[in-house]
Amino acid sequence: MKAFKVYAIKNGTVIDHVPARKGIQIIERLKLLDHENIVTLGIGFSSKRMGSKDVVKIEDKELTSNEVNQVAMIAPEATLNIIRNYKLKKKIKIRIPKVLKSILRCPNPSCVTNHESVESRFLRVNGKDRPYTFKCVYCQHVFIRSELSFV
Amino acid sequence: MTKLAFKGRDIISIDELNRHEIEYVLENAAALEKTPRPTLLTGHILASLFFEPSTRTQLSFASAMMRLGGSVLGVANSESSSRAKGETVYDTAKMAEQYADIIVIRHPHQGAARVAAEASAKPVINAGDGANQHPTQTLLDLYSIKKTQGKLEKLHVAVVGDLKYGRAVHSLTTALADFSPHLSFVAPKVLAIPKKYLTYLTERGIPYSEHEQIEDVIKDVDVLYMTRIQKERFGDPLEYERVKNVYVLSREHLRGVKRNMKILHPLPRVSEIACDVDETSHAYYFQQAGNGVFVRQALLGLILGKL
Ligand SMILES: [Zn+2]
């Protein structure tokens with residue numbers, strides 16, 4: 001693993017290749033400030049792949065799959081490095097999952113999910129030469145990422 | 001007919017039926033029209049959950065079930081019963097599953113039928129969920145087209161009116177795309193067909209054209225599918241006044257049209273088809289509504305595993 005400009009952690013998760021200035025969103029989204037874990041945010045590192053990137057380090061925590069999916073919606077290109085005893089145990093390239101359950105809110109006011117307590121469900125739709133779009137399983141409307149907010 | 005698997009299936013969206021399945025339903029509907037089966041569903045119960053009124057659809061489903069010997073449990077005035085008490089779609093479907101073998105639901109919210117299907121172990125048919133889907137309408141439209149034209153393939157179909165919000169038009173467009181049609185869209189600019197449907201057609205190599213006048217296409221088409229233009233859709237009332245009479249079909253228009261040309265309309269109509277059209281050989285909208293009973297019979301019989 002490449003040396004980071006911030007210190008190495010013993011156990012936990014390093015979220016790398018976060019688009020620049022988006023790291024703070026991940027911290028807020030995962031409610032990391034509500035817990036005791038030590039969190040380090042690096043903003044604006046230079047990156048060959050991305051030009052500029054953020055890095056989020058969370059000590060003593062591994063993400064649940066739901067948390068990983070939330071990170072994917074903020075940083076679809078991110079890499080997760082799981083660290084155990086200072087060693088890189090696992091490197092996971094984040095992917096937006098095919099089905100997103102209870103993560104996104106449907107922006108369609110007539111959608112049943114906005115009127116009854118139904119768990120929201122979106123399907124990832126692969127377009128030709130287009131970024132992903134997301135289809136609400138219920139009202140069947142298709143949205144681009146920027147139209148969608150978190151539950 | 002090779003048997004296709006329909007037993008226990010939910011019918012929520014027309015997109016979930018492929019071309020062969022659509023044809024299969026239509027063939028079964030034709031067989032039931034020819035030879036009634038008054039005891040096919042004896043002992044079976046349909047729960048009819050209408051969270052918003054739609055007399056035509058509700059009666060059509062009830063008639064279909066009863067003509068096959070089945071019984072119907074209806075929530076006659078849902079506005080004043082479960083919905084007013086705040087009973088959810090999920091709970092209503094869970095309850096209905098205890099009493100019936102198959103559930104038909106209509107609800108103003110998009111996706112409500114999917115919620116009912118997820119709640120219920122018994123099969124669910126969507127009879128309209130807001131602006132989203134009404135698959136049996138599309139099936140009866142296709143049945144009417146096939147019955148009057150003798151085929152579904154390679155027809156020139158024009159759809160007229162509110163193409164922006166018209167649920168029936170959107171579903172029919174996507175369903176017809178599997179049958180190599182030529183499609184013409186006739187609408188005022190503000191109610192033009194959404195781009196995503198045109199992209200869908202382009203991707204499939206289906207020729208289409210857009211127009212603002214019925215006269216542009218009426219002499220060429222096999223089917224003229226009329227829809228209602230609602231005043232509420234216009235932000236500017238003046239805009240409505242300008243177009244409202246352009247999309248009224250009268251007897252005048254029918255001079256020189258193809259002999260086989262039929263006029264369809266999902267009903268209810270307001271003023272978009274003049275009454276003097278009704279007695280012409282081209283008017284087919286009332287028979288079209290009647291055809292709904294045959295396609296619904298076919299679906300009920302297939303889903304309950306009796307056809
Ligand atoms: Zn939705």
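Could you work out the relative contact order of chain B, using alpha carbon pairs under 8 angstrom and six or more residues apart, expressed as a whole percent?
Details: 562 pairs, mean separation 63.4, N = 307.
Once normalised by length, the contact order is 21 percent.
Where the only charges are on Cβ atoms (+1 Lys, Arg; -1 Asp, Glu), what is the dipole of the protein assembly as shown about its Cα centre, to the nearest 20 debye?
1920 debye
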Considering Cα pairs under 8 angstrom that are at least six residues apart, work out the relative contact order of chain A and quote it in whole percent. 21 percent
So how much slack lies between B:Ser209 and B:Leu73, counting 0.36 nm per residue of separation and subtracting their Cα-Cα distance, in nm? 44.4 nm
Taking every DSSP beta bridge with both residues inside the protein assembly as shown, roughly what % is antiparallel (nearest 5)? 50 percent
Given a cut-off of 25 Å, what percent of all Cα-Cα pairs of chain A lie beyond it? 34 percent
Ignoring ligands, DNA and RNA, what percent of the accessible area of the protein assembly as shown is carbon or sulfur (1.4 Å)? 51 percent
Determine by what factor the alpha-carbon radius of gyration of chain B differs from 2.2 N^0.38 Å, reporting the quotient. 1.00
Across peptide A:102-115, what mean number of C-beta atoms from other chains lies inside 10 Å of a residue's C-beta? 4
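For the range B:93-250, what mean projected area does the convex hull of the alpha carbons give, in nm²?
Over all viewing directions, the range B:93-250 projects a mean Cα-hull area of 11.0 nm².
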Dipole magnitude of chain A about its Cα centre (Cβ charges: Lys, Arg +1; Asp, Glu -1), debye to nearest 20: 800 debye
Per-residue [θ]222 nm for chain B (sum of -39500 (n - 2.57) over DSSP H runs n ≥ 4, rounded to 500): -11000 deg cm²/dmol
Alpha-carbon centroid distance for the pair the range B:135-167 / the range B:1-51, whole angstrom: 19 Å
Note down the magnitude of the dipole of the range B:135-289 about its Cα centre, charges +1 on Lys and Arg C-beta and -1 on Asp and Glu C-beta and zero elsewhere, to the nearest 20 debye. 340 debye
So the angle from the long Cα axis of helix A:65-74 to the longest Cα principal axis of chain A, reported in degrees to the nearest 10, equals 80 degrees
Give, in whole angstrom and from largest to smallest, the semi-axes √(5λ) of the equivalent ellipsoid of the protein assembly as shown, with λ running over the eigenvalues of the Cα gyration tensor. 49, 28, 20
Taking the dipole of the range B:135-289 about the Cα centre (Lys, Arg +1; Asp, Glu -1; charges at Cβ), the one of B:Val186, B:Ser171, B:Val277 that reaches farthest to the positive side is B:Ser171
Long-range HN-HN contacts of B:Phe50 with modeled amide H, under 5 Å: B:Val75, B:Arg106
Name the residue farthest towards the positive end of the dipole of the protein assembly as shown from the options B:Phe6, B:Leu264, B:Thr138, assuming +1 on Cβ of Lys and Arg, -1 on Cβ of Asp and Glu, about the Cα centre. B:Phe6
Dimensionless Rg ratio for the range B:6-155, taking C-alpha atoms and the 2.2 N^0.38 Å reference: 1.05
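The values are calculated or read from the model by the stated rules, or taken from the named source; none is laboratory data. The structure presented is a predicted model; accordingly, all values stated were derived computationally and were not measured. Don't worry about glycine lacking a Cβ; one is built from the backbone with ideal geometry, like all the others, and counts go over all protein chains shown. In case anyone asks, the SASA skips ligands and DNA or RNA and just uses the protein heavy atoms, side chains included. Shrake-Rupley method; radii C 1.70, N 1.55, O 1.52, S 1.80 Å.
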